[in-house]
Every structure is written in C-alpha cells, then in structure tokens.
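Comments concern the structure below.
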Amino acid sequence: MKFLAPLAAFGLFAFLATPPTQAQRPFNAQARTANDLADLCAANPKDPQGDAKINFCHGYAQGAIAVEMRNAGDKKPFCFPSPPPTRTQTLSEFVSWVRSLPEHRNETALDGLFKFLAERYPCK
C-alpha cells in the first residue's frame with residue numbers, strides 16, 4: 001500500500017504535465033477593414049480558432065457600439081429596435097452587407113460597421 005501513494009502522485013503529475021491534444025495556437029486578430037471584420041464574424045466555430053475569431057468579432061462590435069453610442073449624445077447614428085436583435089443576427093447581416101458590394105470591403109472596420117448599422121437601423 002505504501003507504493004500506491006507515490007504511484008498515484010506520479011500519475012497525477014504525468015496527467016497534468018501532458019499538454020492537451022488540441023492546444024490553442026496563439027491568435028492575433030486584426031480588423032483593419034470591414035472585410036477583415038466580416039471574415040472574423042463569419043468564422044466557422046468548428047474550425048481551429050473559429051471560436052476565438054467569432055468572440056473577437058462580437059467583442060469588437062460590442063465595444064465599438066458602446067463607445068459610439070456613449071459619445072453620440074442626443075444625435076445617435078443608429079437606433080436599435082425594441083426588443084433589439086441578437087448580436088449574432090446583426091453581425092450575420094453585417095457579413096452579408098459587406099460581401100454584397102465590393103466597395104464595402106475596403107472601408108475601415110469601424111466605418112463599415114457604423115455605415116451598416118445606420119442603414120439597417122436608422123433613427124426615425
């Protein structure tokens with residue numbers, strides 16, 4: 001019985017020291033253009049780093065929208081309906097919008113996102 005404790009400790013050490021079989025590679029996302037952002041938003045979650053790309057897209061959009069709305073004061077550049085659409089739904093529509101016309105692709109990520117939102121959710 002005395003040999004079981006060291007054996008169990010060795011087994012636990014070996015388990016903890018073994019890297020996961022699907023370790024994530026470092027991820028460096030950049031969204032310079034609307035097309036870059038759309039590519040991140042359209043990532044397949046089953047692909048390597050797909051979840052990271054989608055999470056980056058959602059976080060980028062959420063942060064950008066929050067800052068824009070806070071700085072806009074009374075003159076909002078876009079107005080979401082009540083109840084608001086889901087983030088996933090809105091960003092899926094953004095991807096379609098970017099891909100629908102070539103001139104959308106080369107706009108900066110922020111300009112493209114805000115132009116899309118202003119067209120899709122105009123304030124009345």
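Quick check on my filter: what residues within segment 66-87 are out of contact with any helix residue (DSSP H, G or I) (no Cβ under 6 Å at 6 or more places or on another chain) and touching a residue at least 12 places away in the same chain (Cβ under 8 Å)? Before the answer, list the steps.
We begin by selecting, within segment 66-87, every residue out of contact with any helix residue (DSSP H, G or I) (no Cβ under 6 Å at 6 or more places or on another chain); these are 66-76, 79-86.
If the condition is that a residue be out of contact with any helix residue (DSSP H, G or I) (no Cβ under 6 Å at 6 or more places or on another chain) and touching a residue at least 12 places away in the same chain (Cβ under 8 Å), then GLU68, LYS76, CYS79, PHE80, PRO81 are the ones that fit.
Filtered by the rule that a residue be loosely packed, with under 14 Cβ neighbours inside 10 Å, closer than 18 Å to THR108 by Cα and free of Cβ contacts under 8 Å to residues at least 40 places away in the same chain, segment 29-65 gives GLN30, GLY59, GLN62, GLY63. If the condition is being surrounded by fewer than 16 Cβ atoms within 10 Å (Cβ to Cβ) and free of Cβ contacts under 8 Å to residues at least 60 places away in the same chain, then segment 94-109 contributes SER96, SER100, LEU101, PRO102, GLU103.
Within this structure, GLN30 passes the test of being assigned to a loop (DSSP other than H, G, I, E, B) and either at pLDDT 90 or above or of a type in the set (S, T, N, Q) (or both).
Of all residues assigned to segment 101-119, none qualifies as being part of a loop (DSSP other than H, G, I, E, B), closer than 19 Å to ASN44 by Cβ and out of contact with any His (no Cβ under 6 Å at 6 or more places or on another chain). With respect to LEU110, is the statement that it is modelled with pLDDT of 95 or more and of a type outside the set (S, T, N, Q) true? The answer is yes for LEU110. Restricting segment 67-98 to residues that are in a helix (DSSP H, G or I) and among the polar types (S, T, N, Q) leaves a set whose member that is farthest from GLU119 (Cα to Cα) is ASN71.
The values are calculated or read from the model by the stated rules, or taken from the named source; none is laboratory data. None of these values were measured; they are calculated from a predicted model. In this analysis, Cβ positions are derived from the backbone assuming ideal geometry, glycine residues included, and neighbour counts consider all displayed protein chains.
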